[in-house]
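These notes concern the structure reproduced below.
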Amino acid sequence: MRNYGKTFMLMAIMTIIFVLIGSAVGGKNGAIYGLIMAAVMNLGSYFFSDKIVLAMQRAKVISKNEAPQLYEIVDKLRQRAGLPMPKIAVVPTNTPNAFATGRNPQNAVVAVTQGITQILNRDELEGVLGHELGHVRNRDILTMTIAATMAGAISMISRFGMYGSFSDRDEGGGRAGNLLIALVGPIAAMLIQMAISRSREYEADKAGAEISGKPEALASALNKLSQFAKRAPMRVNPATAHLFIVNPLSGGGLMTLFSTHPPAAERIKRLLEIARQMGRTQ
């Protein structure tokens, strides 16, 4: 219930942002259009969240015959977690990463990139998939997916506002409002992503360690994935970056303040401590 409350609060915040943006652009009529757009976005995000995110990543849902080993691992882990079998999808990129999406465990999708099986051994892959199933079991996926779709929408509207600020010939509030939207919109979207993501990764790591029974393997996988992401960032919509097990985008300096993920070193440290408590490492 706690996560559902956060989801509805996120929807309310998004509605307010859309109404304010609409009002800044078009006054009273713009506010009404913003409210209608927010309602459509909320409904669409709730019922079609998995399809929206998969389309944004160009991911394809695959059958058991196409990836029998992957299905075997997920099936074993989801039984340990007490979950129904999720759909499995593959993202067509060699950069290793993974994410989960959907509105509930009955409609969940676990997605991996083509490259993840090339650099992780079976134990590490089990740790990663356990992490994603942890998001499903913790019911994080709905809120995280809605944040992705709405952050993308805010960024898109902000770009329209930026273009409008340069093309608007009228002086005064309209042009200033458009420019304000262009500056504030992406920041608002990024802050929302941060607010719902950073603590959830720690919880999913803990759940992944429990589900897989191999916290040290998940720690090893995180180290490999984070190092690879620094060398070869993925080409993804920034609005979806928080969905992945490690941040698929590169960034240093001030960008680290806006990271959608906790530091990999801290996550690894916590997992190794769990491994010691389980007697799997010295």
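Only the coordinates and a few stated rules stand behind these numbers; no lab work does. Nothing here was measured: the structure is a model prediction, and the numbers come from that model. Here the Cβ is made from the backbone with ideal geometry for all residues, glycine too, and neighbour counts use every protein chain on show.
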Give me the extension gain from residue 203 to residue 39: residue separation times 0.36 nm, minus the current Cα-Cα distance, reported in nm with one decimal.
56.0 nm
For the pair residue 280/residue 13, report the inter-label distance in nm, with labels modelled 7 Å from Cα in the Cβ direction.
3.3
Beyond 28 Å (Cα-Cα) in this structure, taken from 60/269; 76/230; 64/230; 60/230, we find 60/269; 76/230; 64/230
Here FRET efficiency (C-beta to C-beta, residue 138 to residue 94, R₀ 25 Å, nearest 0.05) is 0.30
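About its Cα centre, how strong a charge dipole does the stretch 1-152 have in debye, to the nearest 20, once Lys and Arg get +1 and Asp and Glu get -1 at the Cβ?
380
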Enumerate the calculated ³J(HN,Hα) couplings along the stretch 62-73 in order (Karplus 6.51 cos²θ - 1.76 cosθ + 1.60, θ = phi - 60°), each rounded to whole Hz, writing x wherever the residue is Gly or Pro.
10, 8, 4, 5, 7, 8, x, 5, 4, 4, 4, 5
Rounded to one decimal in nm, the spacing of the 7 Å Cα→Cβ label points at residue 80 and residue 118 is 2.7
